[in-house]
Amino acid sequence: MKKLLCLALTMSMLVPCMSVKGEEAVKLTFWTHSGMRDSIDPLTENYLAEHPDIQIEVSYFGTDSIKDSLKVAASSETLPDLWFNWGGNLGGYYVKNDCTYDLTEYANTHGWDEKFNKGALNLCTLEGKLSGFPTSVNMMTMYYKKSVFERCGVEVPTTFEELEAACEKLKENGVVPFATAGLYGWHLMRIVEQLVENYAGASLHDELQQMNTSWDCEEVINAFAKYQEWCNKGYFPEGFITSNPDDTLMMLAMEEAAIYPEVQSFDNTVINNELDVEEYGWFAFPNGTGRVSSFGDMVQFNANLTDAQLASADDYLSYIFSNESANSEYGAHLAPTSRSDYRFPDAQPHAAEVFSYGSGSGSFTITDQAFPTEVADVLFSMQEALSTGEVTPEEAAKALEAAVQEYLALK
Amino acid sequence: MQSKHSEPAAILFLLPAGIIYVSAILFPIAYSLYLSLFTGSGINNWEFCGMQNYVKLLQDKVFLLSLRNSVIWMMLTLVFTTSFSLLLALILNRRFFGRTFFRGLFYFPTVIAMIAVAIIWRWIYHPNLGFINQFSKAVGLNFSQTWLSNPKSSLIACFVAAQWTAVGQPMILFLAGLQGISEDVIEAARIDGAKGLKLFFSITIPLLKNTFVVVLSTLMIGALKIFDIIVGLTDGGPNNASQVIASYMYSQTFEYSHWGYGASIACFMVLIMLIIIVPYVSFMARDT
């Protein structure tokens, strides 16, 4: 009797082990942006409840920390299975170093050309390889507070001259024209790159971004000179060079500044901050070409994924970044504009307009994605040095070109 | 008398700590030294370059600027942090009502993470809404400044912010040192006619010699390693005006993936620390 009891107990302990071995769970690790946490956490929980055969461990990082953490992980061969990234040179680094799964063939056999819009797939195609699951496409325009424009008697500018006149009028009325901040460089860059587009035009700007032609040229010098002139005229907030981009929306909301460079997610940000989205309007920076700057983001897949992991990752991400999830109660921090079937929520009146405008007018790659990080950082340093008058526009253009040449030589 | 058998036993007990020390300290140092001899910005495309990274360091204007800033930071730390923490320790060593409360109050900022301190001070320095400019306006002073965006003041502004948390630790060490001084020695000096500053410089300071060794060496190491307050407040800007060695090393290594060059900056940093700190500690400790 004792022996039988022991046997029964042993068997009962072995049963769960056998079943686990029989249905081996697919495990995935996913590093993503902390801005999506409130959406991804509950949606992942829902997904896992319906997929007990999949285990997903999600970790969250801020904008700058995810870039650094991924580089450290890549160098120590400890990259997660999936990671959020931006396009251009940021995502391209992992493609060049063979860390990412080439999804070209998988996409062809799984109908991604119907699932995603063409622009999104193009932004994720780096070094000739489809290097990620497209999560969104972003179009950068200028948002403004209607009441400030009305109070100052300013019309929405349609030409560069009108924009300058508007800035002058705003300044006369005690309002800072641009709500921007220079800490980390990228927010202020949104204005500087528009000035380059304005003076260089579309084709030269593209050549400059691809580092095919010298930045030490008259058009770039003129753009830098205009930026320096705007700094001297007080068109940017006091102390903006070391102000944090996180604090810029407050300046706009408090009517201390009037124009705010942002992508179509602006509506969502305004709503999440419990502000009235109807109080704001938007316009494309009048740069003479009509183009907006754009960038894509995606989830990159580890080159070492198994077929089962790849299929599960696609299924999971297709659920998270879907029209249904974005429009569900948890979707406030998601806008999968990469999806062909994505519809902007009615509560975001400008988002669809901005996206549609950007898709039609053409776009150029946002500068910090077009440039490698070390060149982008020299641009950021020059933005700072021009604002304080430490360098002339000519010196800034030379310094930027020197950084480009140094990068190309190292490459 | 110590048994000869205790030696293998001692080695056995030291082994776990030794393994951790070798794997977490010595191996990374040796590996950094090895990495510093390579160039390349990818993951598997490194090329041996000998001492080229070190030669480049000495010609790199931003590195030289960050080195100068780190030295300035260290000098300021040695003068101001040491003096201020010693002064606080002397005050808090006296008997008065609420002494324990004030000891806690002055030590409290030390437990706050430096990056949180950076966020707090970013608002204190804010050009429009910040406490300093608003306060100066309220009292009628035309003193408004862009503290962090001005290349002339950014490093000093970061230093002032860091002091809020930096004085607590040395203050506690000085306080412990002061409490270790026997009342009898002070009393004897008083009977011999020493008082005021003479008592302080001739009796108290020499008796705090060991404490000074610990405080100054930790402050010097801390000053050369300063990183988070700079990144949080200015990110080394404007135009590298507040760049220090550690922040420059970080950007080269983790932002640009120049692993070899970043490692050479780290090795240079360790070398400077050894050059400054080892002679100081050995000189101060030779009579102890």
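The values are calculated or read from the model by the stated rules, or taken from the named source; none is laboratory data. Keep in mind it's a predicted model, so treat the numbers as computed, not measured. Note that we place each Cβ from the backbone using ideal geometry, even for glycine, and neighbour counts take in every protein chain shown.
Could you pull out the residue among A:353, A:384, A:395, A:406 that is within 25 Å of residue A:143 (Cα to Cα) and surrounded by fewer than 20 Cβ atoms within 10 Å (Cβ to Cβ)? It would help to see each step written out before you state the result.
Working: A:384 fails: surrounded by fewer than 20 Cβ atoms within 10 Å (Cβ to Cβ); A:395 fails: within 25 Å of residue A:143 (Cα to Cα); A:406 fails: within 25 Å of residue A:143 (Cα to Cα).
From the options A:353, A:384, A:395, A:406, the qualifying one is A:353.
Only one residue in B:117, B:62, B:55 is at pLDDT below 95, within 14 Å of chain A (Cβ to nearest Cβ) and either within 30 Å of residue A:382 (Cβ to Cβ) or not in a loop (DSSP other than H, G, I, E, B) (or both), so which one is that? Talk me through it step by step, then tell me what you get.
Numbers: B:117 fails: within 14 Å of chain A (Cβ to nearest Cβ); B:55 fails: within 14 Å of chain A (Cβ to nearest Cβ).
Just a single option satisfies the conditions, and that option is B:62.
Quick one: in segment A:76-115, which of the residues that are at positive phi and not charged (D, E, K, R) is surrounded by the most Cβ atoms within 10 Å (Cβ to Cβ)?
Ranking the candidates gives A:88 first.
Each row is one residue, and each column tells you yes or no for (1) in contact with a Cys (Cβ under 9 Å, 6 or more places away or on another chain); (2) closer than 20 Å to residue A:367 by Cβ; (3) at pLDDT below 95; (4) not hydroxyl-bearing (Ser, Thr, Tyr).
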site	(1), (2), (3), (4)
A:110	no, no, yes, yes
A:116	yes, no, yes, yes
A:119	no, yes, yes, yes
A:126	no, yes, yes, yes
A:138	no, yes, yes, yes
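Residues are listed down the side, and each one gets a yes or a no for (1) closer than 23 Å to residue B:62 by Cβ; (2) of a type in the set (Ser, Thr, Tyr); (3) surrounded by fewer than 22 Cβ atoms within 10 Å (Cβ to Cβ); (4) touching a residue at least 60 places away in the same chain (Cβ under 8 Å):
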site	(1), (2), (3), (4)
B:196	no, no, yes, no
B:225	yes, no, yes, no
B:270	yes, no, yes, yes
B:284	no, no, yes, yes
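Take segment A:292-316 and flag every residue that is under 14 Å from residue A:95 (Cα atoms) and out of contact with any Ser or Thr (no Cβ under 7 Å at 6 or more places or on another chain). Before you say what the answer is, go through the steps one by one.
We begin by selecting, within segment A:292-316, every residue under 14 Å from residue A:95 (Cα atoms); these are A:298-304.
A:302, A:304 - these are the residues of segment A:292-316 that are under 14 Å from residue A:95 (Cα atoms) and out of contact with any Ser or Thr (no Cβ under 7 Å at 6 or more places or on another chain).
Return the only residue of A:296, A:288 being away from chain B (no Cβ under 14 Å) and assigned to a strand (DSSP E or B).
Values: A:288 fails: assigned to a strand (DSSP E or B).
Result: A:296 is the single residue among A:296, A:288 that is away from chain B (no Cβ under 14 Å) and assigned to a strand (DSSP E or B).
Is there any pair linking a residue in segment A:385-408 that is touching a residue at least 24 places away in the same chain (Cβ under 8 Å) and charged (D, E, K, R) to one that is buried (at least 20 other Cβ atoms within 10 Å of the Cβ) and outside any helix (DSSP H, G or I), with Cβ under 8 Å and at least six apart or on different chains, and which?
A:401/A:215
Tell me, which helices (runs of 4 or more DSSP H) lie completely within segment A:84-159 with 2 or more residues that are farther than 23 Å from residue A:67 by Cβ, more than 16 Å from the chain's Cα centre (by Cα) and not β-branched (Val, Ile, Thr)?
Details: elements: A:88-96, A:104-109, A:112-115, A:118-123, A:146-151.
So the answer is A:104-109, A:112-115, A:146-151.
Just to be sure I understand, how many residues within segment A:160-179 are outside any helix (DSSP H, G or I) and surrounded by fewer than 20 Cβ atoms within 10 Å (Cβ to Cβ)? Spell out how you get there, then give the answer.
Kept after step one, since they are outside any helix (DSSP H, G or I), are these residues of segment A:160-179: A:173-179.
Restricting the remaining residues to those that are surrounded by fewer than 20 Cβ atoms within 10 Å (Cβ to Cβ) gives A:173-174.
Total meeting the criteria: 2.
As an exercise: evaluate residue A:387 against (1) over 17 Å from residue A:208 (Cβ atoms); (2) at the interface with chain B (Cβ under 10 Å from one of its Cβ atoms); (3) modelled with pLDDT under 90 and give the number of the one condition it does not meet.
(3)
Return only the number of the condition from (1) within 30 Å of residue A:372 (Cβ to Cβ); (2) in a helix (DSSP H, G or I) that residue B:219 does not satisfy.
That leaves (1) as the condition not met.
Considering (1) in a helix (DSSP H, G or I); (2) within 14 Å of another protein chain (Cβ to nearest Cβ); (3) free of Cβ contacts under 8 Å to residues at least 24 places away in the same chain, say which one residue B:279 fails and leave the rest.
The number of the failed condition is (2).
Identify the residue in segment B:143-167 that is hydroxyl-bearing (Ser, Thr, Tyr) and buried (at least 17 other Cβ atoms within 10 Å of the Cβ) and, among all such residues, is nearest to residue B:67 (Cα to Cα). Walk me through how you get there before you give the answer.
As a first pass, look at segment B:143-167 and keep what is hydroxyl-bearing (Ser, Thr, Tyr): B:144, B:146, B:149, B:153-154, B:165.
Then keep just the ones that are buried (at least 17 other Cβ atoms within 10 Å of the Cβ); that gives B:146, B:149, B:153-154, B:165.
Details: B:146: 24, B:149: 20, B:153: 17, B:154: 16, B:165: 23 Å.
The qualifying residue nearest to residue B:67 (Cα to Cα) is B:154.
Give the residues of segment A:184-211 that are more than 19 Å from residue A:375 (Cβ to Cβ) and either among the hydrophobic types (A, V, I, L, M, F, W, C) or out of contact with any helix residue (DSSP H, G or I) (no Cβ under 7 Å at 6 or more places or on another chain) (or both), sorted by residue number.
A:201, A:202, A:203
Is it fair to say residue B:109 is within 29 Å of residue B:217 (Cβ to Cβ), within 14 Å of chain A (Cβ to nearest Cβ) and surrounded by 11 or more Cβ atoms within 10 Å (Cβ to Cβ)? Before the answer, list the steps.
Working: within 29 Å of residue B:217 (Cβ to Cβ): yes; within 14 Å of chain A (Cβ to nearest Cβ): no; surrounded by 11 or more Cβ atoms within 10 Å (Cβ to Cβ): yes.
Criteria not met by residue B:109.
Here are A:69, A:76, A:65: which of them is within 14 Å of chain B (Cβ to nearest Cβ), more than 24 Å from the chain's Cα centre (by Cα) and modelled with pLDDT under 95? Full working, then the answer.
On the way: A:69 fails: more than 24 Å from the chain's Cα centre (by Cα); A:65 fails: more than 24 Å from the chain's Cα centre (by Cα).
The conditions single out A:76.
From the list A:159, A:180, exactly one residue is polar (S, T, N, Q), assigned by TED's automatic domain parsing to the domain that holds residue A:248 and at pLDDT 95 or above. Which is it? Walk me through it before giving the result.
Numbers: A:180 fails: at pLDDT 95 or above.
Of A:159, A:180, the one residue that is polar (S, T, N, Q), assigned by TED's automatic domain parsing to the domain that holds residue A:248 and at pLDDT 95 or above is A:159.
Which of the numbered conditions does residue B:263 fail, given that it passes all the others? Conditions: (1) more than 14 Å from chain A (Cβ to nearest Cβ); (2) buried (at least 16 other Cβ atoms within 10 Å of the Cβ); (3) over 30 Å from residue A:240 (Cβ atoms).
Condition (1) is where residue B:263 drops out.
Can you confirm whether residue B:198 is charged (D, E, K, R) and either under 26 Å from residue B:276 (Cβ atoms) or within 12 Å of chain A (Cβ to nearest Cβ) (or both)? Steps first, answer last, please.
Details: charged (D, E, K, R): yes; either under 26 Å from residue B:276 (Cβ atoms) or within 12 Å of chain A (Cβ to nearest Cβ) (or both): no.
No; evaluated as a whole, the condition is false for this residue.
Of A:64, A:38, A:68, which residue is farther than 30 Å from residue B:248 by Cα and charged (D, E, K, R)? Step through it out loud before you land on a result.
Working: A:64 fails: farther than 30 Å from residue B:248 by Cα; A:68 fails: farther than 30 Å from residue B:248 by Cα.
Testing whether each residue is farther than 30 Å from residue B:248 by Cα and charged (D, E, K, R) leaves just A:38.
So, in segment A:328-347, exactly how many residues are surrounded by 16 or more Cβ atoms within 10 Å (Cβ to Cβ) and either over 19 Å from the mean Cα position of the chain (by Cα) or over 24 Å from residue A:290 (Cβ atoms) (or both)?
Filtering segment A:328-347 for residues surrounded by 16 or more Cβ atoms within 10 Å (Cβ to Cβ) gives A:330-339, A:342, A:344-345.
Keeping just the survivors that are either over 19 Å from the mean Cα position of the chain (by Cα) or over 24 Å from residue A:290 (Cβ atoms) (or both) gives A:330-334, A:336, A:339, A:345.
Total satisfying the criteria: 8.
I'm told residue A:326 meets every condition in (1) of a type in the set (A, V, I, L, M); (2) within 14 Å of chain B (Cβ to nearest Cβ); (3) touching a Pro at 6+ places or on another chain (Cβ under 9 Å) except one. Can you identify the failing condition by its number?
(2)
Considering only residues that are within 12 Å of chain B (Cβ to nearest Cβ) and either among the basic types (Lys, Arg) or assigned to a helix (DSSP H, G or I) (or both), which ones fall in segment A:219-262? I'd like the intermediate steps shown before the answer.
First, pick out the residues of segment A:219-262 that are within 12 Å of chain B (Cβ to nearest Cβ): A:231, A:234, A:236-247, A:250-251, A:254, A:256-257.
The answer is A:231, A:240, A:241, A:242, A:245, A:246, A:247, A:250, A:251.
In segment A:390-407, which residues are more than 10 Å from chain B (Cβ to nearest Cβ) and either of a type in the set (Lys, Arg) or under 25 Å from the mean Cα position of the chain (by Cα) (or both)?
Correct list: A:398, A:400, A:403, A:404.
Taking the condition surrounded by 22 or more Cβ atoms within 10 Å (Cβ to Cβ) and either within 14 Å of another protein chain (Cβ to nearest Cβ) or within 20 Å of residue A:192 (Cβ to Cβ) (or both), does residue A:375 pass?
Values: surrounded by 22 or more Cβ atoms within 10 Å (Cβ to Cβ): yes; either within 14 Å of another protein chain (Cβ to nearest Cβ) or within 20 Å of residue A:192 (Cβ to Cβ) (or both): yes.
So residue A:375 fits the description; yes.
Out of segment A:36-51, which residues are closer than 30 Å to residue B:251 by Cβ and either not assigned by TED's automatic domain parsing to the domain that holds residue A:306 or not in a helix (DSSP H, G or I) (or both)?
First pass over segment A:36-51, keeping only residues closer than 30 Å to residue B:251 by Cβ: A:36-37, A:40.
Across segment A:36-51, there are no qualifying residues.
Can you pull out every residue in segment A:52-79 that is outside any helix (DSSP H, G or I) and out of contact with any strand residue (DSSP E or B) (no Cβ under 9 Å at 6 or more places or on another chain)? If you could, list the steps in order and put the result at the bottom.
Going residue by residue through segment A:52-79, those that are outside any helix (DSSP H, G or I) are A:52-62, A:76-79.
Hits for segment A:52-79 are A:52, A:76, A:77, A:78.
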